[in-house]
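Chemist: Have a look at this one before I ask anything.
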Amino acid sequence: MPSKGARSKRRTTRLIHAARQYTDYGFVNPAVYHASTVLAPDLATYESGKRPYTYAVYGTPTTRALEAAMCELQGAHGCRLAPSGLAAISCVLLAFSRSGGHILISDSVYGPTRRMATGMLARLGVEAEFYDPRITAADLAGLMRPQTTLLFLESPGSNTFEVQDVPALTAVAKERGVACAIDDTWPAGWFFDSLGAGCDVSIQAATKYQVGHSDALMGTVCYTRDAASAIETAHTELGLCVSGDDAYLTLRGLRTMEVRLERHQKNALKVASWLKERPEVEEVFYPALPGAPDHELWKRDFTGASGLFSIALKPVPEKALHAFTDGLELFGIGASWGGYESLILRFDPHRAGARTATRWPLDGPLLRLHIGLEDPDDLIADLDAGFGRMKEAS
Ligand SMILES: *Cc1c(COP(=O)(O)O)cnc(C)c1O
C-alpha cells in the first residue's frame, strides 16, 4: 500500500519514491523474487491464512512493490497485475460481465478488446454494444438498459485518437450504478486522472510507457474501493500473475517515465506540426496539436500528451505507400509502442468489423506513428525522404 509520507509530495517526487519502503539492507531497488512455493513454519500457520505471502500466484514482494507504486501514482485503492495489457482488459471485462447482461464499449477501442467482447463475451451470453466515442451524455443515457453492467471507455481511442468526455460519461454510468472502466494507456496514468474523472477502473498496458524499453509485457488494473471486490475476485479466479523479473523491469521503467514522456511529447509535437504542413497529409490526429480534432477537450482534461498519433494521407497507390514506409531508416514497422524507438504502422479503419458504430470519413491510408527519443530533426528528415520515394513511386 502507498507509503504515507510520500502522498503529501508533488507527483514528480512521488514517481521517484513511491513504494520504496521494501528495501532491505539499504539497496535502492527491490529484490527480484523468483518464486512459486512459500514455506510456512508449521501447519497451523499455513492453515491460518494469515501470512503476508502464501503462494507466488498471489503476489511476491516484487510484484506488491509495483502494485503499491501504481496505486500511489493513480490514486487507486488497489492494483492488480496481469501478464499483458490485453490480459488486464480481459480481466476487467470478465469481472463486470453477467450472462444475459449488456456492456457498452467505445467504437475506437483497442482491436483485441473488441475481439474479446465479440468473441468470448458473446459466447458467454454477454451482449457488447459499441458506441460512438464522441457520444454525448444524453445519447449515452439512451443506450443504458436495466441489464447494463459496464461502460468501457478508451481515451484517446486506438489509432483514431478521439478524446472522450470522460467526466460527463462516467456521470451517466454513476447515476445508474453501472461500473465504468477505462483503457487510458495513451496518457500513461500520468497525463490524465481517470479515477478522479469518475472511472472505477483504470487499465494500463504498462508494456508501453511504464516499461518503456520494449523489453517486457505488463498490464495493470488500478481500481477504487467500489470496484475492489469485482476486480480482486476475477483476478484471483483467473489466476493472473506476472514474473518478478517483469515486475522489476516495470518498476525500473516507472522511475524515468516522466522525463521520457516529456521528450516523447516534445518530439511528437515537432514531428506532428511538420507533418500537418505536408501536402501529402490530409489530417493529423494528435489531440495535443492545436487545431487537431478534440484538441479543446484534450486541453481541458489532460496535462500532457504521449508520443503516439496518426496521420491520414491523401489517397496514394499501394506501391507508393510501401515505398514510403519500407525505406524509412529510423521508424521500425512493428506492433506495440512506448519504447524509446520510433515506429510506424498502418491501420485500416474500413476493414470489416474494425468499426461498427461509426464510419471513418477519410479514404486515404491511416498511419500510426510512435515518436521515440531520437533527435526529431532526424525523424523529420527520414519522413521527408519517405515522401520523396512516395512521389517517385506514384
Ligand atoms: C498495446 C495496447 C494494449 C495491449 O497491451 P499488451 O501489453 O500489448 O497486451 C491495450 N490497450 C491499448 C490502448 C494499447 O495500445
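The values are calculated or read from the model by the stated rules, or taken from the named source; none is laboratory data. The structure displayed is predicted, hence computed values, not measured ones. All Cβ positions, even for glycine, are placed from backbone atoms using ideal geometry, and neighbour counts span all protein chains on display.
Chemist: Quick one: is Ala179 under 24 Å from Leu369 (Cα atoms), crowded, with 20+ Cβ neighbours inside 10 Å and of a type in the set (Gly, Ala, Ser)?
Modeler: Details: under 24 Å from Leu369 (Cα atoms): no; crowded, with 20+ Cβ neighbours inside 10 Å: yes; of a type in the set (Gly, Ala, Ser): yes.
Criteria not met by Ala179.
Chemist: Which residue, of Gly157, Gly196, is touching a residue at least 40 places away in the same chain (Cβ under 8 Å) and near the ligand (Cβ under 10 Å from one of its atoms)?
Modeler: Numbers: Gly196 fails: near the ligand (Cβ under 10 Å from one of its atoms).
Being touching a residue at least 40 places away in the same chain (Cβ under 8 Å) and near the ligand (Cβ under 10 Å from one of its atoms) holds for just one of Gly157, Gly196, which is Gly157.
Chemist: It is to be established whether one or more residues within segment 21-33 are at pLDDT 95 or above and buried (at least 16 other Cβ atoms within 10 Å of the Cβ). Steps first, please.
Modeler: First pass over segment 21-33, keeping only residues at pLDDT 95 or above: 32-33.
Narrowing further to those that are buried (at least 16 other Cβ atoms within 10 Å of the Cβ): 32-33.
Yes.
Chemist: Of all residues in segment 93-103, how many are more than 16 Å from the ligand (Cβ to nearest atom) and under 30 Å from Tyr248 (Cβ atoms)? Let's see the steps before the verdict.
Modeler: Kept after step one, since they are more than 16 Å from the ligand (Cβ to nearest atom), are these residues of segment 93-103: 95-103.
Imposing the further condition that a residue be under 30 Å from Tyr248 (Cβ atoms) reduces the set to 95.
Matching residues across segment 93-103 total 1.
Chemist: When you look at Thr45, is it at negative phi, out of contact with any helix residue (DSSP H, G or I) (no Cβ under 9 Å at 6 or more places or on another chain) and surrounded by fewer than 18 Cβ atoms within 10 Å (Cβ to Cβ), yes or no?
Modeler: On the way: at negative phi: yes; out of contact with any helix residue (DSSP H, G or I) (no Cβ under 9 Å at 6 or more places or on another chain): yes; surrounded by fewer than 18 Cβ atoms within 10 Å (Cβ to Cβ): yes.
Yes: the conditions hold for Thr45.
Chemist: How many residues does segment 151-168 hold that are crowded, with 24+ Cβ neighbours inside 10 Å, at negative phi and not small (Gly, Ala, Ser)?
Modeler: Going through segment 151-168 one residue at a time, the tally reaches 7.
Chemist: Related question: Residue check: is Gly49 more than 16 Å from the ligand (Cβ to nearest atom) and either within 28 Å of the chain's Cα centre (by Cα) or within 28 Å of Met120 (Cβ to Cβ) (or both)? Give the steps one after another, and end with the answer.
Modeler: On the way: more than 16 Å from the ligand (Cβ to nearest atom): yes; either within 28 Å of the chain's Cα centre (by Cα) or within 28 Å of Met120 (Cβ to Cβ) (or both): no.
Taking the combined requirement at face value, the residue does not satisfy it.
Chemist: Which ones in segment 214-263 are part of a helix (DSSP H, G or I) and in contact with a Phe, Trp or Tyr (Cβ under 8 Å, 6 or more places away or on another chain)? Can you show your working first?
Modeler: Here is the first cut: in segment 214-263, the residues part of a helix (DSSP H, G or I) are 225-238, 244-255, 257-263.
Residues satisfying the conditions are Ala230, Ile231, Thr236, Gly244, Gly253, Met257, Glu258, Arg260, Leu261.
Chemist: Give the residues of segment 143-158 that are hydroxyl-bearing (Ser, Thr, Tyr) and farther than 19 Å from Ile231 by Cα, sorted by residue number.
Modeler: If we filter segment 143-158 for residues that are hydroxyl-bearing (Ser, Thr, Tyr), which is where we start, we get 148-149, 155, 158.
Once the filter is applied, which keeps residues that are hydroxyl-bearing (Ser, Thr, Tyr) and farther than 19 Å from Ile231 by Cα, segment 143-158 yields Ser155, Ser158.
Chemist: Restricting attention to segment 254-272, does a residue exist that is under 15 Å from Ile380 (Cβ atoms), of a type in the set (Lys, Arg) and at pLDDT 95 or above?
Modeler: Residues of segment 254-272 that are under 15 Å from Ile380 (Cβ atoms), as a first pass: 266-272.
Checking which are of a type in the set (Lys, Arg) leaves us with 266, 270.
From what is left, the residues that are at pLDDT 95 or above are 266, 270.
Within segment 254-272, one or more residues are under 15 Å from Ile380 (Cβ atoms), of a type in the set (Lys, Arg) and at pLDDT 95 or above.
Chemist: Could you please tell me which pairs satisfy a Cβ distance under 7 Å, a separation of 6+ or placement on different chains, a first residue in segment 243-262 that is touching a residue at least 60 places away in the same chain (Cβ under 8 Å), and a second residue that is among the β-branched types (Val, Ile, Thr) and not in a helix (DSSP H, G or I)?
Modeler: Final answer for the pair search is Gly244/Val32; Gly244/Thr60; Asp245/Val32; Tyr248/Val32; Thr250/Val211.
Chemist: Next question, about the same structure. Does Tyr131 fit the bill of being away from the ligand (no atom under 11 Å from the Cβ) and not small (Gly, Ala, Ser)?
Modeler: Details: away from the ligand (no atom under 11 Å from the Cβ): yes; not small (Gly, Ala, Ser): yes.
It is true that Tyr131 is away from the ligand (no atom under 11 Å from the Cβ) and not small (Gly, Ala, Ser).
Chemist: Turning to a different aspect of this structure: Find the residue count for segment 61-110, including only residues that are surrounded by 24 or more Cβ atoms within 10 Å (Cβ to Cβ) and of a type in the set (Lys, Arg).
Modeler: Qualifying residue count for the region: 1.
Chemist: Given the criteria crowded, with 24+ Cβ neighbours inside 10 Å, free of Cβ contacts under 8 Å to residues at least 60 places away in the same chain, β-branched (Val, Ile, Thr) and outside any loop (DSSP other than H, G, I, E, B), does Ile203 qualify? I'd like the intermediate steps shown before the answer.
Modeler: Values: crowded, with 24+ Cβ neighbours inside 10 Å: yes; free of Cβ contacts under 8 Å to residues at least 60 places away in the same chain: no; β-branched (Val, Ile, Thr): yes; outside any loop (DSSP other than H, G, I, E, B): yes.
When the stated conditions are applied, Ile203 does not pass them.
Chemist: Could I ask something else about it? Search segment 104-128 for residues that are within 14 Å of Thr148 (Cα to Cα) and within 14 Å of the ligand (Cβ to nearest atom) and pair each with any residue that is among the polar types (S, T, N, Q) and in a helix (DSSP H, G or I) when their beta-carbon atoms are under 9 Å apart and the residues are at least 6 apart or on different chains.
Modeler: Partner pairs satisfying both residue conditions: Ile105/Thr113.
Chemist: Being within 16 Å of the ligand (Cβ to nearest atom) and surrounded by 23 or more Cβ atoms within 10 Å (Cβ to Cβ) is the filter here, so list the residues in segment 212-234 that pass it.
Modeler: Within segment 212-234, the first condition is being within 16 Å of the ligand (Cβ to nearest atom), and the residues that meet it are 212-222.
Residues satisfying the conditions are Gly212, Met218, Gly219, Thr220, Val221, Cys222.
Chemist: Please return the ranges of strands (runs of 3 or more DSSP E) entirely within segment 287-394 where 1 or more residues are more than 16 Å from the ligand (Cβ to nearest atom). Full working, then the answer.
Modeler: Values: elements: 308-313, 343-347, 366-370.
So the answer is 308-313.
Chemist: Looking only at segment 59-92, count every residue that is within 12 Å of the ligand (Cβ to nearest atom) and among the β-branched types (Val, Ile, Thr) and tell me the total.
Modeler: Residues meeting the conditions: 2.
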